[in-house]
Amino acid sequence: ILDMSNRNNIIFFYFLLSLVIAIFLTFSMYPGILMTDSNARWYLAEQILSVFKNKGFQQLNSWLSPTPSIFFAIILLFTKNIAVFTFIQSLLFYFSCLCIIEKICKSKAIKILAILFIIFMPPFWGFSVYHDMSVWIVIVVNIFYLLIEVYSKKYTNFNNIKRLFYYIGIFLCLYFAFGFRQNALTIFPIVLYQIYIVSNRLDLKKLRKVL
């Protein structure tokens, strides 16, 4: 039995809970909820794979941003099943949301209510398996917040390897947020504001010494 007074055990419990939810939703809504844009992105992913079969870049013809379809193409290359994407997306959505709840809810009662709300509300079920880039905006913004808010406080204790992975994590969050759909640039002011708020909490003198 996990000791729930330990933060690492709590995070591990959230991961296991998210894993169970993602498996259940993937099979119950197999292969996921798709719309016209979703189908077009998966078709573009197949076209991207055709490039590697020597059919040439002229096969690529889409009005959509290529970044998501590159990710889709990797999934198709190794699994041939779009439900794998549904599972990964649902897992990351619930896990990142539960970690955010753990971070921002100070009251135990409110935390429990928030967790029950996100687990048992049907709109979240559908949203987590919906093949739309808006879901990934939520996921990467959640992860970005956790990286900035949580790990920035430990930044001065990082060695060079940890610092490198921290920068890579920040870069990937921004890349996925603004690369998965162009209109995500509308949230850029919010991202800048979050960086500003967190930077004011840091001991900038110590940070400058580290840098």
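The values are calculated or read from the model by the stated rules, or taken from the named source; none is laboratory data. This one's a predicted model, so the numbers in the text were calculated from it and none came from an experiment. Note that we place each Cβ from the backbone using ideal geometry, even for glycine, and neighbour counts take in every protein chain shown. Note: accessible area is taken over every heavy atom of the protein model, side chains too, but ligands, DNA and RNA are not part of it. Shrake-Rupley method; radii C 1.70, N 1.55, O 1.52, S 1.80 Å.
A few points about this structure:
- Within region 120-135, the set of residues being in a helix (DSSP H, G or I) and crowded, with 21+ Cβ neighbours inside 10 Å comprises SER128, MET133.
- Flag for PHE144 being crowded, with 17+ Cβ neighbours inside 10 Å and at pLDDT 75 or above: yes
- Pair list, Cβ under 7 Å, 6 or more apart: region 105-117 residue within 15 Å of TYR94 (Cβ to Cβ) and surrounded by 12 or more Cβ atoms within 10 Å (Cβ to Cβ), other residue at pLDDT 90 or above and acidic (Asp, Glu): none
- Exclusive hit being modelled with pLDDT of 85 or more and closer than 30 Å to PRO66 by Cβ, set ILE48, ILE11, ILE33: ILE33
- Filtered residue count, region 147-163, keeping only those that are assigned to a helix (DSSP H, G or I), modelled with pLDDT under 80 and either within 17 Å of the chain's Cα centre (by Cα) or small (Gly, Ala, Ser) (or both): 4
- So VAL20, is it modelled with pLDDT of 80 or more, open to solvent by 20 Å² or more (accessible area, probe 1.4 Å), closer than 24 Å to CYS173 by Cα and part of a helix (DSSP H, G or I): no
- Where a residue in region 10-33 is on the phi > 0 side of the Ramachandran plot and its partner, wherever it lies, is open to solvent by 20 Å² or more (accessible area, probe 1.4 Å) and of a type in the set (A, V, I, L, M, F, W, C), with Cβ under 7 Å and at least six apart: GLY32/ILE82
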